[in-house]
Amino acid sequence: METERLNLRNVGKEDIDFIFQLFSSEKVCEFLYDEEMFVNRNDAVDFVEWNAEPEEKGWNRWVLVAKDSSRPIGTCGYDSWDKTNNIAEIGYDLWHEYWGRGYMKEALVSAIESGFSNMGLNRINAFIALENVNSIKLLKNLGFKQEGIYRDKHLFRGKYYDHYAFSLLKREW
């Protein structure tokens with residue numbers, strides 16, 4: 001997929017070093033309570049292998065590549081695809097030097113379009129840590145509705161974390 005400033009492509013072996021850099025950054029992972037930060041390159045290899053062949057597995061992750069530099073700057077994609085009810089969960093992350101520049105909004109518009117038109121989704125879920133103010137603003141700006149709080153969503157390092165539950169319906173897009 002392509003946007004004005006980005007190319008979105010499936011995660012591949014050429015992304016291992018970037019994926020390791022991204023998910024070993026404390027700043028990037030500050031609100032990612034569903035998985036530990038990467039501690040070695042093998043964690044990134046596992047991530048790339050997990051996301052290989054997305055059509056067969058029912059989840060996917062795109063690498064966001066900035067057109068002006070040809071450098072990867074983040075990822076986004078779908079997980080927990082319920083094909084019976086046409087629902088999937090969207091997730092995303094961006095290298096901190098690119099925060100606040102509209103890159104993720106641009107990427108998510110394409111990802112949402114793909115979800116509704118290519119995957120046949122009727123509903124897209126997103127779960128955001130209560131403290132992640134910027135991500136909450138982003139989803140609201142994209143038309144997601146805040147449905148409530150998903151209590152004790154993730155057990156992370158011995159503590160449970162609540163998340164806001166957001167959704168976007170095809171008819172609202």
Considering only protein heavy atoms, what is the solvent-accessible area of Thr84 at a probe of 1.4 Å, reported in Å² to the nearest 10?
-> 120 Å²
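Any number yet on Rg/Rh for the chain, C-alpha, Kirkwood?
On the way: Rg = 15.4 Å, Rh = 16.5 Å.
Checking Rg against Rh, the ratio lands at 0.93.
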Can you grab the distance from the C-alpha centre of region 1-58 to the C-alpha centre of region 117-141, Å, no decimals?
-> 18 Å
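For region 38-82, which trypsin sites (Lys or Arg not before Pro) are both in a DSSP coil and crowded by at most 15 other Cβ atoms within 10 Å? Can you show the working numbers first?
Details: sites: Arg41, Lys57, Arg61, Lys67; in loops: Lys67.
Counting only loop positions with at most 15 other Cβ atoms within 10 Å, the trypsin sites (Lys or Arg not before Pro) in region 38-82 are Lys67.
Hey, can you find the accessible area per residue of region 16-173 for me, probe 1.4 Å, expressed in square angstrom?
Values: 8550 Å² over 158 residues.
Dividing the accessible area of region 16-173 by its residue count gives 54 Å².
Put Arg157, Arg101 in order of accessible area, largest first, 1.4 Å probe: what do you get? Please list the in-between numbers first.
Values: Arg157 160, Arg101 130 Å².
Sorted descending by solvent-accessible area, the residues read Arg157, Arg101.
When the dipole is taken about the Cα centre of the chain, and only Lys, Arg (+1) and Asp, Glu (-1) are charged at their Cβ, what size is it in debye, to the nearest 20? Walk me through the numbers before you get to the answer.
Working: 22 positive and 29 negative charges, 124 e Å.
So the dipole magnitude of the chain works out to roughly 600 debye.
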Signed unit charges on C-beta, dipole axis of region 7-137, positive-most listed residue Gly74, Asn132, Gly120 = Gly120
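Tell me the relative contact order for region 13-103 as a rounded percent, counting alpha carbon contacts under 8 Å between residues six or more apart. Walk me through the numbers on the way to the answer.
Numbers: 109 pairs, mean separation 19.7, N = 91.
Relative CO of region 13-103 lands at 22 percent.
If you take every DSSP beta bridge whose two residues both sit in region 19-173, what share of them, in percent to the nearest 5, is antiparallel? Walk me through the intermediate numbers first.
Working: 28 of 31 bridges.
Close to 90 percent.
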List the lysines whose Cα lies under 28 Å from the Cα of Lys27, skipping any in the same chain that are fewer than 8 positions away.
-> Lys13, Lys67, Lys105, Lys137, Lys140, Lys145, Lys153, Lys159
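Dipole magnitude of region 1-54 about its Cα centre, charges +1 at Lys/Arg Cβ and -1 at Asp/Glu Cβ only, in debye to the nearest 20? Mind showing how you got there, number by number?
On the way: 5 positive and 14 negative charges, 41 e Å.
Dipole about the Cα centre, nearest 20: 200 debye.
The values are calculated or read from the model by the stated rules, or taken from the named source; none is laboratory data. Nothing here was measured: the structure is a model prediction, and the numbers come from that model. All Cβ positions, even for glycine, are placed from backbone atoms using ideal geometry, and neighbour counts span all protein chains on display. Heavy atoms of the whole protein, side chains included, go into the accessibility calculation; ligands, DNA and RNA do not. Shrake-Rupley method; radii C 1.70, N 1.55, O 1.52, S 1.80 Å.
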